[in-house]
1. Within the stretch B:77-91, how many residues are within 12 Å of DNA strand D (Cβ to nearest atom) and within 14 Å of chain A (Cβ to nearest Cβ)?
2. For the stretch A:32-49, indicate whether the set of residues that are within 11 Å of DNA strand D (Cβ to nearest atom) and surrounded by fewer than 17 Cβ atoms within 10 Å (Cβ to Cβ) is non-empty.
3. Check off (1) in contact with a Ser or Thr (Cβ under 7 Å, 6 or more places away or on another chain); (2) within 16 Å of DNA strand D (Cβ to nearest atom); (3) of a type in the set (Val, Ile, Thr) for residue A:152 and give me the number that stays unchecked.
4. Does at least one position in the stretch B:45-66 carry a residue that is under 29 Å from residue A:126 (Cβ atoms), modelled with pLDDT under 80 and not aliphatic (A, V, I, L, M)?
5. Take the residues in the stretch A:105-124 that are within 11 Å of DNA strand D (Cβ to nearest atom) and without any contact (Cβ under 8 Å) to a residue 40 or more places away in the chain, then tell me which one is nearest to the other protein chains (Cβ to nearest Cβ).
6. What are the residues in the stretch A:61-101 that are near DNA strand C (Cβ under 9 Å from one of its atoms) and basic (Lys, Arg), if any?
7. Filter the stretch B:29-51 down to the residues that are more than 14 Å from every other protein chain (Cβ to nearest Cβ) and charged (D, E, K, R), then identify the one that is nearest to DNA strand C (Cβ to nearest atom).
8. From (1) within 26 Å of residue A:44 (Cα to Cα); (2) near DNA strand D (Cβ under 10 Å from one of its atoms), pick out the condition that doesn't hold for residue B:101.
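The values are calculated or read from the model by the stated rules, or taken from the named source; none is laboratory data. Small disclaimer: the values here were computed from a predicted structure and weren't measured. Here the Cβ positions follow ideal geometry from the backbone for every residue, glycine too, while neighbour counts run over all protein chains shown.
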2 protein chains.
Amino acid sequence: MTDAAETTTAERPTAAASARRRPLAEQGSELRIAVMRLARRLRQERSEAELSASQLSALAWISVEGPLTIGRLAELERVTAPSMNRTVNCLVDSGYVVRAGSPDDGRKVLVSTTEPGDAVVRETRRRRDAWLAKRLATLSAEDRATLAAATTILRGLASQ
Amino acid sequence: MTDAAETTTAERPTAAASARRRPLAEQGSELRIAVMRLARRLRQERSEAELSASQLSALAWISVEGPLTIGRLAELERVTAPSMNRTVNCLVDSGYVVRAGSPDDGRKVLVSTTEPGDAVVRETRRRRDAWLAKRLATLSAEDRATLAAATTILRGLASQ
DNA sequence: TATTGTTATACTCTATAACTATA
DNA sequence: TATAGTTATAGAGTATAACAATA
């Protein structure tokens, strides 16, 4: 379809040159499709713990970002506070997180992971990483280097 | 955090060399996080049409892959037939798709997009592409070349 | 009075089970 | 008898509105 489809490294000058000539919208469209498709595939590799995607996502935030308030969690997951409250209730029932009053502000509630909660997050991460690592292993060193460089760029795009 | 985080091009030998030395699991983990985050961001850029994510996704399949049966659509979206049936009902009510009996098998139903349905798909695609193109425009030519090469690789990973 | 969390209620998406029509 | 679609019903996730407690 495009020049870029015929090569797998960024190190050949021809690839870089042809990429510069292509319209941004076209390049972006292809990148978007590839990213969305891979994300969908990665999402399917989840832990055996019986947690929904939203519960797992909230749990990961709590595990990584330390104690968080309901409001902050809702903000991170882009849902309303009542929705997040319900999600946290499920996680509490499962024993993966605990609620605790904030020492400095009586209105706030701090949610933290329990050890089993952290274990679920680790296990899920391990599974997804294993799936991806298996596929990365089939690539050439040059392709892996390209992906490594692209990772940094993608991270920048997403954070804007 | 890692060597790759300190550069944004794949053309410097040091970046490629350091990438080769890194464990696959670690590189995969970073790539996974970047991909998931960007996908989430892209998903937020949707059309003004009042369609849910699942309706929009099904509509896109129908628009691109031509007339599809309920069963095939359910398979593509990885949901059950009753779920997809309901989604299709909503799309029919909105006037974005139409049902038609299959000429060769009376049990099957073929779902096709209407012109307004196609327009919604185009508009949504345009919006997402615009968001990404705006950000691609801020990158160096080298970074864009890296992303172009990475797109091809990512596509291969997702299709496995 | 504003903010944080919670409860009440309703709507959407999805699933399983059961049913109809066709092959 | 098997397959494609549909209907009935239930459970999970999310939203808005209203309420309680604290700043």
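1. Residues that pass the stated criteria total 1.
2. no
3. Of everything listed in (1) in contact with a Ser or Thr (Cβ under 7 Å, 6 or more places away or on another chain); (2) within 16 Å of DNA strand D (Cβ to nearest atom); (3) of a type in the set (Val, Ile, Thr), residue A:152 misses just condition (2).
4. No, because not a single residue in the stretch B:45-66 is under 29 Å from residue A:126 (Cβ atoms), modelled with pLDDT under 80 and not aliphatic (A, V, I, L, M).
5. The extreme case among them is A:108.
6. Listed by number, the residues that qualify are A:72, A:86, A:99.
7. Only one residue fits best here, namely B:50.
8. (1)
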